[in-house]
4 protein chains.
Amino acid sequence: MEEQAQWEQASPEIQARIRTSFDRQGLMGLLGARITRIAPGRVHIVLPSRPEVTQQHGYFHAGATSAIADTSGGYAAFTLFPENSDMLTVEYKINLLAPVRRRPHRGGRNGLKSGRTLTVCQLEVFGVQDGRRSLVANGQQTLIRVNRPEG
Amino acid sequence: MEEQAQWEQASPEIQARIRTSFDRQGLMGLLGARITRIAPGRVHIVLPSRPEVTQQHGYFHAGATSAIADTSGGYAAFTLFPENSDMLTVEYKINLLAPVRRRPHRGGRNGLKSGRTLTVCQLEVFGVQDGRRSLVANGQQTLIRVNRPEG
Amino acid sequence: MEEQAQWEQASPEIQARIRTSFDRQGLMGLLGARITRIAPGRVHIVLPSRPEVTQQHGYFHAGATSAIADTSGGYAAFTLFPENSDMLTVEYKINLLAPVRRRPHRGGRNGLKSGRTLTVCQLEVFGVQDGRRSLVANGQQTLIRVNRPEG
Amino acid sequence: MEEQAQWEQASPEIQARIRTSFDRQGLMGLLGARITRIAPGRVHIVLPSRPEVTQQHGYFHAGATSAIADTSGGYAAFTLFPENSDMLTVEYKINLLAPVRRRPHRGGRNGLKSGRTLTVCQLEVFGVQDGRRSLVANGQQTLIRVNRPEG
């Protein structure tokens, strides 16, 4: 799961669809998360550190960490399917590896196995400080492909 | 896991500790979540429905659902240990059973097994509408007991 | 999740289908597992303790515990669907709550949520000794309904 | 998670300890599994295909797949700690990606994060046929370090 220096970018159409969808996610706006990269099978979301996303000791709340991990996984799967598809999270499991304070979070992910119906994604969240990153949470997510709802 | 009509309440000291801790959780305030019941081994958190906690189709975001599930599990475990203990989430797994729109969420939970170091909790989230509730997510969480940090 | 003294039994047809299927599971025979109860949404499998199912310290191997948990969950889901359906495990998560030595294992389970495509099951494994049982593992499983393969 | 052509081998002492421990695992012997590689943070176990490890349709049983995944993860963590330590599985989650018939299985893994008490491992199981391998299951495991029991 090493990052490559050069990444293929997703097509402009896919990027536009994902950014439009992301902007409609009330929770991402509330948290202050933003998308920073959309590649085939991989989407990065950054969540800046601020008191509103913490738990009682000032660390990132596991719920905030999970929210960006889950969202990045869903959109990463989204890059692999045709336009009329949508991906819903069936379930995920996440390990919180280290309490993180005062570091922006970045959730990336790596597509693992896409079937016709189900897709399984690896979820990774890094804490970034002074240009250095460390893995703070990782997980595994199952998504189901559905026809796009009209809402 | 049927709910009983009469529940034992946690002691006033434990209730006060949990409410104080909850109020310091920036994320719970941001989401608009509130605690509605603190019993030994079981804590209820309600998350009212509003656009700020949704994903792109107006359903509750899995991250918001998970955040209250994870938090209620942590505090439920918290009710079982002495005052100088704290509970950190090691990991959890959650199934999103049904997309939920326009219903307040309520995360309850049921303590399962508490060891000296690790505790395993069942996580349940219900959607409530017109006084009727339905299970919308359920999961399982592993917590580790640590000495309370000073922060 | 208390057990009731009186359980409804599954229909003779469903019981016969499950027993026939179970007998074709090479692994269950190899382990020495057997079915002891088939009720709608709940199947019990007993795995007697013997050295061949242990890990290096003489405890039940997590793999043996998981195998009966996974199998009982699959058959429990199987009781809820028409004859031409089959259930495949998509994923499961299991917590090993306590090392268990010299006690037969029994995996029961409790159906949780069955949709048209996916079913989510609670998995429970008990250690039984001198007529007393204790929960030794519990988990959560996602199954997918497929048309019965011909094999 | 690409495999490198050249791997560092674990020390002869660690290899000997793991092989001795593995030989005491009744279940591994019963299944017919064997260790094929012991590197720091990575252990390979091969499970040949035979009817005794299948489910009702002749595919590898999820329980057999899980047993080698769980075991390889535990030993991989074992390579990273001093001799008086032992690793117990706290929990794991595994996705069964594809039904597999008539192919030997090989469980490798990749150590992820080792703390003083808890270690989180990635679990991977490949089906191998005609020299080609494909990922058939992957998961994530939490282990706890304990003092070695005397048994």
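Nothing in this text is a laboratory measurement; each read-out follows from the coordinates by a stated rule. Since the structure is predicted, the reported quantities are computational estimates derived from the model, not experimental observations. In this analysis, Cβ positions are derived from the backbone assuming ideal geometry, glycine residues included, and neighbour counts consider all displayed protein chains.
Figures for the structure shown
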quantity: Exposed GluC sites (Glu not before Pro) absent: longest stretch of chain C, with sites in DSSP loops and at most 12 other Cβ within 10 Å deemed exposed; calculated: C:9-82
quantity: Other-chain or far-sequence residues with amide H under 5 Å of A:Arg37's (modelled H); calculated: A:His44
quantity: Residue-count net charge about C:Thr119 - beta-carbon cut-off 10 Å; Lys, Arg +1, Asp, Glu -1; calculated: +3
quantity: Charge dipole (debye, nearest 20) of the protein assembly as shown; +1 at Cβ of Lys and Arg, -1 at Cβ of Asp and Glu; calculated: 0 debye
quantity: Inter-chain shielding of C:65-72 (mean C-beta neighbours from other protein chains, 10 Å cut-off); calculated: 5
quantity: In sequence order, calculated HN-Hα J values of the range A:36-46 (Karplus, 6.51, -1.76, 1.60; Hz; x Gly/Pro); calculated: 10, 7, 10, 10, x, x, 7, 10, 9, 10, 10
quantity: Dipole magnitude of chain A about its Cα centre (Cβ charges: Lys, Arg +1; Asp, Glu -1), debye to nearest 20; calculated: 300 debye
quantity: Descending semi-axes in whole angstrom, ellipsoid equivalent of the range D:15-73, from the Cα gyration tensor; calculated: 22, 12, 9
quantity: Hydrodynamic radius of chain C per Kirkwood, over alpha carbon pairs, in Å; calculated: 15.5 Å
quantity: Gyration tensor verdict on the protein assembly as shown (Cα atoms; rounded if a/c is under 1.5, prolate if a/b is larger than b/c, oblate otherwise); calculated: rounded
quantity: Distant-in-sequence amide H partners of B:Val136 (H built 1.01 Å from N, under 5 Å); calculated: B:Val125, B:Phe126, B:Gly127
quantity: Sequence-distant lysines (8 or more away, or on other chains) whose Cα lies within less than 30 Å of B:Lys113; calculated: A:Lys93, B:Lys93, C:Lys93, C:Lys113, D:Lys93, D:Lys113
